[in-house]
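Novice: Before I ask anything, let me first share the structure, which is written out below as structure tokens.
The values are calculated or read from the model by the stated rules, or taken from the named source; none is laboratory data. Keep in mind that what you see is a predicted model, and the values were worked out from it rather than measured. Here the Cβ is made from the backbone with ideal geometry for all residues, glycine too, and neighbour counts use every protein chain on show. What goes into the accessible areas is simple: the full protein's heavy atoms, side chains included, and nothing from ligands, DNA or RNA. Shrake-Rupley method; radii C 1.70, N 1.55, O 1.52, S 1.80 Å.
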Amino acid sequence: MKTGKPAEIGIDPARLDRVAAAIRHDVANNRYDGVVYAVARGGVVAAHEAVGFADRASNRAARIDDIFAIMSITKTMTTAAVLARVERGELALTTKIADVIPEFAVKGKQRISVAHMLTHTAGMAATPALPPELFGNLEAFVAAACQQLPDTVPGSAVSYSALTAHAVLAEVVRRVDGGRRSFRDILAQEFFEPLAMKETALGRRKDLAARFVPIVVRDRTPGVFQPELLEAMNLLLTAEAEIPAGGVVSTAGDILRWAEMLRRGGELDGVRVLSPASIRLAASIHTGTLPNNLFSYAYEARGWGEFPANLGLTFFIRGTGIFPHPFGTTASPSTFGGLGAGSTMFWIDPERDLTFVCLTAGLLEESRNFERLQRLSDMVLASVVN
């Protein structure tokens, strides 16, 4: 991607500098450890910076080529594989999961569709009854998921499925593909390689391991995700692990390429991986006014009022209204992107033609992570002056 001076693309450099200054202040005050971020407008990179530590314990400074566990940003990539099958006529959003995975059709899950899974309205719990050491075994994970009971009637509520929904979707893709390839290879061959995302992989590829940023939960306040389980990803995220909901590793530069493909409607550098129609549909709100049950705890614990989930097909969308949002309160309503537990984010604001990638070291409790990302996002948005 082309690099340019901020002022040449309508960004005030002094205002943009506030982002790095805010991160340095937070790192100095031990709120978290470090950040690698990138800001681009119209495909021109205005900033690509590393601030603070990749690993505070070893005094390892952050670098722009650091490899992060991108957590649930991974879901957007699994979604892309699903959408590609819809485009080819091999699958439909209305397809019942059980039509592709017959053993899924038990315990009230017979009518759960691909769309239910993509919008987190299937009622599938975060994880099935399975030892964590098997989370990276897609076959074992899906077999366990087939035995899950749904928590809600499909389509009636937004219950964020941390790992289950997208593992099942990955298996749907793999079976429609003919079962010839691993899901790791499907993502690599259909997306990462064509998009020149050379430092991105499902699983901690061996050649990337030396630059991996260790997963450390800096804020251990009780919240959505158990700190111990998040830190266990350091061991679970092997080269062989296939966790389609949260197991991709990447750099800020590669995630910027992923976001640029989405901003451009499915194409980058002359290579098309999705259609504009698929991107538009994925980036449209499909959950109405339903709240995201993931944040029910925060309504009381943090004094947050209830607010809409604003989910598309996996993608988070800003929408309208003033409430906590990691994409910033000043983002355009059509702003969409992906989030990863306590740590990672990217978004595209189509009205401003603006993209922000933010990968952090030192995880925060999820509601506090929302507030951190909201603050940084609003600062990036405020740097656009024409």
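Novice: Could you go through the range 309-320 and let me know if any residue there is touching a helix residue (DSSP H, G or I) at 6+ places or on another chain (Cβ under 8 Å), of a type in the set (A, V, I, L, M) and within 23 Å of Tyr32 (Cβ to Cβ). Outline the logic, then answer.
Specialist: Step one: filter the range 309-320 for residues touching a helix residue (DSSP H, G or I) at 6+ places or on another chain (Cβ under 8 Å), giving 312-315.
Next, only the ones that are of a type in the set (A, V, I, L, M) stay: 313.
Then drop every residue that is not within 23 Å of Tyr32 (Cβ to Cβ), which leaves none.
No.
Novice: What are the pairs, 6+ residues apart or on separate chains, where a residue within the range 365-386 that is of a type in the set (Phe, Trp, Tyr) has its Cβ under 7 Å from a residue that is at pLDDT 95 or above and surrounded by fewer than 21 Cβ atoms within 10 Å (Cβ to Cβ)?
Specialist: Phe370/Pro324
Novice: Let me ask something else about it. Which count do you get for residues in the range 26-47 that are in contact with a Leu (Cβ under 8 Å, 6 or more places away or on another chain) and open to solvent by less than 40 Å² (accessible area, probe 1.4 Å)?
Specialist: Here the count works out to 10.
Novice: Give the number of residues within the range 353-383 that are on the phi > 0 side of the Ramachandran plot and open to solvent by less than 10 Å² (accessible area, probe 1.4 Å).
Specialist: Start the filter on the range 353-383 by keeping residues that are on the phi > 0 side of the Ramachandran plot, which leaves 353, 362.
The next check asks that each one be open to solvent by less than 10 Å² (accessible area, probe 1.4 Å); those that pass are 362.
Matching residues across the range 353-383 total 1.
Novice: Could you give every pair whose Cβ atoms fall below 7 Å, whose first residue belongs to the range 97-115 and is crowded, with 16+ Cβ neighbours inside 10 Å, and whose second residue is among the charged types (D, E, K, R) and assigned to a helix (DSSP H, G or I), counting only separations of at least 6 or pairs across chains?
Specialist: Within 7 Å, the pairs are Val100/Arg175; Ile101/Glu171; Ile101/Arg175.
Novice: In the set Phe307, Phe316, which member is closer than 11 Å to Trp347 by Cα and either at pLDDT 95 or above or under 21 Å from the mean Cα position of the chain (by Cα) (or both)? Even if it seems obvious, please write down each step before you answer.
Specialist: Details: Phe307 fails: closer than 11 Å to Trp347 by Cα.
Result: Phe316 is the single residue among Phe307, Phe316 that is closer than 11 Å to Trp347 by Cα and either at pLDDT 95 or above or under 21 Å from the mean Cα position of the chain (by Cα) (or both).
Novice: Turning to a different aspect of this structure: Among residues belonging to the range 203-243 that are among the polar types (S, T, N, Q) and over 29 Å from Ala188 (Cα atoms), point out the one that is nearest to the chain's Cα centre (by Cα). So that I can check it myself, show each step before the final result.
Specialist: Our first condition is that a residue be among the polar types (S, T, N, Q); within the range 203-243, this holds for 221, 226, 234, 238.
Next, from what is left, pick out any that are over 29 Å from Ala188 (Cα atoms): 221, 226.
Numbers: Thr221: 22, Gln226: 18 Å.
Across the range 203-243, the extreme among qualifying residues is Gln226.
Novice: Further question on the same structure: Identify the single condition in (1) assigned to a loop (DSSP other than H, G, I, E, B); (2) of a type in the set (Gly, Ala, Ser); (3) modelled with pLDDT of 95 or more that Ala277 does not satisfy, given that it satisfies every other one.
Specialist: That leaves (1) as the condition not met.
Novice: Check whether at least one residue in the range 10-25 is open to solvent by 30 Å² or more (accessible area, probe 1.4 Å), part of a strand (DSSP E or B), over 30 Å from Val273 (Cβ atoms) and in contact with a strand residue (DSSP E or B) (Cβ under 9 Å, 6 or more places away or on another chain), and report yes or no. It would help to see each step written out before you state the result.
Specialist: Of all residues in the range 10-25, those open to solvent by 30 Å² or more (accessible area, probe 1.4 Å) come to 12-15, 17-18, 21, 24-25.
Narrowing the set further to residues that are part of a strand (DSSP E or B) leaves none.
No, the range 10-25 contains no residue that is open to solvent by 30 Å² or more (accessible area, probe 1.4 Å), part of a strand (DSSP E or B), over 30 Å from Val273 (Cβ atoms) and in contact with a strand residue (DSSP E or B) (Cβ under 9 Å, 6 or more places away or on another chain).
Novice: Quick check on the range 266-285. Is at least one of its residues under 19 Å from the mean Cα position of the chain (by Cα), of a type in the set (Ser, Thr, Tyr) and open to solvent by 10 Å² or more (accessible area, probe 1.4 Å)?
Specialist: Scanning the range 266-285, I find at least one residue that is under 19 Å from the mean Cα position of the chain (by Cα), of a type in the set (Ser, Thr, Tyr) and open to solvent by 10 Å² or more (accessible area, probe 1.4 Å), so the answer is yes.
Novice: Report the residue count in the range 337-349 for those that are open to solvent by 10 Å² or more (accessible area, probe 1.4 Å) and closer than 19 Å to Ala80 by Cα.
Specialist: We begin by selecting, within the range 337-349, every residue open to solvent by 10 Å² or more (accessible area, probe 1.4 Å); these are 339, 341.
Checking the rest, the ones that are also closer than 19 Å to Ala80 by Cα come to 339.
Qualifying residue count for the region: 1.
Novice: If Gly89 satisfies all but one of (1) open to solvent by 10 Å² or more (accessible area, probe 1.4 Å); (2) over 23 Å from Pro154 (Cβ atoms); (3) touching a Gly at 6+ places or on another chain (Cβ under 8 Å), what's the number of the condition it fails?
Specialist: Evaluating Gly89 over (1) open to solvent by 10 Å² or more (accessible area, probe 1.4 Å); (2) over 23 Å from Pro154 (Cβ atoms); (3) touching a Gly at 6+ places or on another chain (Cβ under 8 Å) leaves (3) as the failure.
Novice: Residue by residue through the range 48-84, note down the ones that are crowded, with 21+ Cβ neighbours inside 10 Å, within 20 Å of the chain's Cα centre (by Cα) and of a type outside the set (A, V, I, L, M).
Specialist: Asp66, Phe68, Ser72, Thr74, Lys75, Thr76, Thr78, Thr79
Novice: Let me ask you something else. Exactly one condition in (1) crowded, with 24+ Cβ neighbours inside 10 Å; (2) on the phi > 0 side of the Ramachandran plot is false for Gly328; which is it?
Specialist: For Gly328, the failing item is (1).
Novice: Looking at the range 32-44, can you tell me whether even one residue there is over 17 Å from the mean Cα position of the chain (by Cα), of a type outside the set (Gly, Ala, Ser) and assigned to a loop (DSSP other than H, G, I, E, B)?
Specialist: Taking every residue of the range 32-44 in turn, at least one turns out to be over 17 Å from the mean Cα position of the chain (by Cα), of a type outside the set (Gly, Ala, Ser) and assigned to a loop (DSSP other than H, G, I, E, B).
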